[in-house]
Every structure is written in C-alpha cells, then in structure tokens.
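Have a look at the structure below, then the notes.
The numbers here are math on the coordinates, done by the rules we state, and not lab data. Just so we're clear, the structure is a prediction, and the values are computed from it rather than from any experiment. Positions of Cβ are backbone-derived with ideal geometry, glycine not excepted, and every protein chain shown enters the neighbour counts.
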Amino acid sequence: MTDLEKTAKDRGIKHFLISYTDLFGVQRAKLVPARAIGGMAKNGAGFAGFAGGMDMTPAHPDLIALPDPDSFIQLPWKPEVGWLASDLWMDGKIVEQGPRNVLKRLKAEAAEKGLQVKSGVECEFFLITPDGKDVCDTADRQAKPCYDQSALMRQYEVVAEVSDVMSQLGWGPYQTDHEDANGQFEMNWDFDDALVTADRHAFFKYMVRSIAEKHGLRATFMPKPFVDLTGSGCHAHVSAWDGDRNLFADDSDELGMSELGYNFIGGIIHSAEALCALYNPTVNSYKRINAPRTTSGSTWAPNSVTYSGDNRTHMIRVPGGGRFELRLPDGSVNPYILQAATIAAGLDGVENKRNPGKRLDINMYTHGHTVTDAKKLPLNLLDALRTLEKNEMLKQRLGGFIPSFLAKKTEEWNSYCGHLTQWERDHTLDC
Ligand code: ADP
Ligand code: MG
Ligand code: MG
Ligand code: MG
Ligand code: MG
C-alpha cells in the first residue's frame, strides 16, 4: 500500500485533489477518487500542459503531476477531500518550467551553500461581491479603514473560519486585521522553510477563496482591484538558517543584520528591476507599485530600489530580529517563484559579496525626490519583462522557467495592448 492509500484509509479521504501551480500562479487540479490514488501516487495524474497554464503546445506529451505526500492537507471544511501539491514531469524527466520544481532546485542549491532559507508571507486580500465589482461590505466606507474593528468583526465568520483551519493544520496563525483599504484583510501565520511556506501560500489562496464562497462572498488577491484604494501586497520576510542558528542575526550590527544578510539583500537590490517581473507579474501589478496616494492617504507600496531599518516606505525593511522584509511582491505573485527568485538573487548576493549600499532612513514617499541615485522600479509589465530578459543571473539560476514565463507573459502583454480602453477614447476622440 502506498502512503497515500494508507492516508485515505486512516483519515476517511474519499477524493484527492492532485494540484499544481502553473506559470501564472494559478492552481490546476484533478479530483481523484481514493480507489485510484495508489496508481496516481506512483505514475502521477496526466494533464494537457498547453491548456493548463504552461508554455506547451498540443503536440507535447502528457504533463504528469506527481503528488508530494509531504504536502498533504485534509480540507477541514470538507474533510473527505485531501489536497496535494505536485511536481511536474514529462517523458520521465522533471519539467524545467514547473514553478515548484524550480523552487526545489533552488532550495537544494542553497543547502549546498549551507543555507536553509525560511520565509513568512503576508497575503493581503479583498472580500468582494461575487460579481467582482465592489467591496462586499457596503458599510465599510471609512476614509481611513486600517484596523477598523467593526468592519473586521462583520467578516468574523469568514476570517475566524480561516484562522481555525490554520490552527488545526499547525501553521501557527497569530493575528488577523482589517488592512488599509475598504474590504481588505490580512491574516498572518508563522514562517517556515521556503518550500513549506510556498505550499501554504498556494493553499491559503485556495482556502480563502473557498471559505469566502461558502459564505456567499468572493475573495481576490488582485494587486489593485480598486483604483482609489490601497492595493494588495504580498510582503515576504526572509532569513537563512544553519540548523537552529539564524545566519542573518548579528547583535553587534545597528539593525541586527549579519554581513551574510546584507550580502543577500545586496543580491536583491542588484537585480530588483528584473525581479519586479517575477514579484509583480501582471499588467495590474503596476497600478499598485509607483502608485499615487490612495483615499487613505497612504500607498504602502515601494517606488524605488532602496532599503531601510524599521521604516515602511522602502522596498526592503529590516525590522530587526535577523530578517528582512521584501515589500515589493504583490497578490499576483506565484508562491513558488516568489521564494525561488528570492533565493536565486540572495545566493547571487552572497556568492559575489554584493553590497546593498547605504541604508536610507528618510520617508521615501515625502522625500524620495531628494535621493537622486536610487534606482526606480519599472513602470509597467513590458519594461519589467524586458529587464528580466537581460538578467543573465536570473536566467541561469531559474533555468527553463524564465524563457517560458517570458513567452507567456509577452503574449499576455500583447493581448492587453489589443484592448481599446475608455481612457483612449476620452483622450483621443477629438485629436
Ligand atoms: P508586518 O506587517 O509588520 O510586516 P507581519 O506580522 O504581518 O509583519 O508578518 C511577519 C511575517 O514574518 C510572519 O509570517 C512571520 O512569521 C514572519 N517572520 C518572523 N520572523 C521571521 C524570520 N526570522 N524569518 C522569516 N520570516 C519571519
Ligand atoms: Mg480527456
Ligand atoms: Mg502584516
Ligand atoms: Mg499588510
Ligand atoms: Mg509587512
């Protein structure tokens, strides 16, 4: 009996969701009855990759999703179903463009250097009406809604259920709040190994959507669903460990950051504009970063490539405790590529002893103009993709993922450009 057959028997699982995350960060799955899981555990589930969000054609052989038993989660809101993250195979070989495969390879490369990267993610989301047009709570209209107690409690049924699930799964949830936009929330749980966090991040998005739907709502992680409201980020906190020793911690440093940590940050600063294509991978992403102030008076998203101490106006914040916070990624980031790209750039920084430069302590939103030498973030997806295309380090370290990602995202950009907007009519009809 395979492990998964045994799990089915012990836990009363009737169906398994054999799931993988595609190039766009979307989860695709097959629902497999427990009677067939033995065969699927050995041979995987077959998919037509070109239709399943991968850079493939109908002429490709079957894409095989081989479930990883370590990722198993019994759905607490539907306990007869077990969810499994998968690795992607084709023709007996690992698929290079598979996002989870890429992260596993980067994790192994970091391990060779004696580093275990650990991460915690802050996945902001909106609870909206099922048609996607408005914030679901019509009473949530405050101009400064951050931490609004009443608006938070009006969504108690949804967020408490998500939090209870996380407790049950042993993730260590520790807080939930109403964020800076009407209808926007954030739920935090403990950091862990980068692969564990990526699997949880992927599952979290599915879980929040599912539980919101159960309550007649819709959840979205779209970076900027409403133009006047603060967008949804996906900050990542990062540290590197050797067993239980945090290699980023150094009490003798002003910010408590070790030289290794600064070099890791240096790698991210060095490639930030190219990383932007991966951390902010949608057309909509660029309405969150570089944004003007929203109705709350804040933007929260960075506009330049700078770092600081405990100061939320920069791309990287070092809040102390031997970790840094990457504030660039948004809700559309692929959970696996977020971690893989961070490890790739971090290793580049460590190997080349990259210096992150001088830290800035100013309020970047009000005094950013005084820093003339800070690199600026790309203003749109096309600029970011073109910068990524020129970054040999990321192309080499992320391997086959990059050409496939660039091909699919260029298609997406072209499709966007083929769309005629009202803005163009408003500004050009009388030209
Ligand atoms: P903030 O809103 O102040 O940026 P949050 O409390 O919302 O912070 O999220 C912090 C995240 O960082 C959590 O997921 C937490 O587990 C994680 N974290 C804390 N310490 C570390 C660390 N040493 N390495 C990686 N992640 C960490
Ligand atoms: Mg068929
Ligand atoms: Mg937070
Ligand atoms: Mg937040
Ligand atoms: Mg944060």
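Just a few scattered comments:
- Nearest-0.05 FRET efficiency for E424 and Q74, computed from C-beta distance (R0 45 Å): 0.35
- Base-10 log of normalised Debye intensity for the chain (one unit scatterer per alpha-carbon) at q = 0.07 Å⁻¹: -0.34
- Couplings for the stretch 78-95, taken from phi via the Karplus curve 6.51 cos²θ - 1.76 cosθ + 1.60 with θ = phi - 60°, read 7, x, 7, 10, x, 9, 9, 7, 10, 9, 9, 10, 8, 6, x, 10, 5, 7 Hz in order; Gly and Pro are left as x.
- Proxy reagent accessibility, fewest Cβ within 10 Å first, across Y262, Y206, Y174, Y20: Y174, Y206, Y262, Y20
- Over the stretch 253-401: Kirkwood hydrodynamic radius from C-alpha pairwise inverse distances, Å: 15.5
- Looking at the stretch 120-193, the trypsin sites (Lys or Arg not before Pro) that sit in a DSSP loop and have at most 14 other Cβ atoms within 10 Å of their own Cβ are K133, R141.
- Each of K107, K78 has some number of other Cβ atoms within 10 Å of its Cβ, and from fewest to most they run K78, K107.
- The calculated FRET efficiency for the pair A139 and T295, based on their C-beta separation and a Förster distance of 25 Å, comes to about 0.95.
- Among the trypsin sites (Lys or Arg not before Pro) in the stretch 214-310, those located in a DSSP loop and surrounded by at most 11 other Cβ atoms within 10 Å of their own Cβ are R293.
- Candidate aspartates and glutamates for bridging to K353, where Cα separation is under 14 Å - those fewer than 8 sequence places away on the same chain excluded: E259
- Rough spin-label spacing in nm, given labels placed 7 Å along Cα→Cβ, for E389 and E5: 5.1
- Label point 7 Å beyond Cα of Q168 along Cβ direction - residues of the stretch 71-99 with amide nitrogen under 20 Å: 71-85
- A Förster radius of 30 Å, combined with the Cβ-Cβ distance separating D361 from C146, puts the computed FRET efficiency at roughly 0.80.
- Structural descriptor for the chain: relative contact order 16 percent, calculated from alpha carbon pairs under 8 angstrom and at least 6 residues apart.
- In plain terms, the chain from C417 to D228 could stretch by 65.7 nm, reckoned as 0.36 nm per residue minus the Cα-Cα distance.
- Counting only residues at least eight positions apart within a chain, or on another chain, the lysines with an alpha carbon under 20 Å from that of K133 are K205, K214, K224, K287.
- Shown in residue order for the stretch 145-150 are the 3J(HN,Hα) couplings computed by the Karplus curve 6.51 cos²θ - 1.76 cosθ + 1.60 at θ = phi - 60°: x, 4, 6, 4, 5, 5 Hz (x for Gly and Pro).
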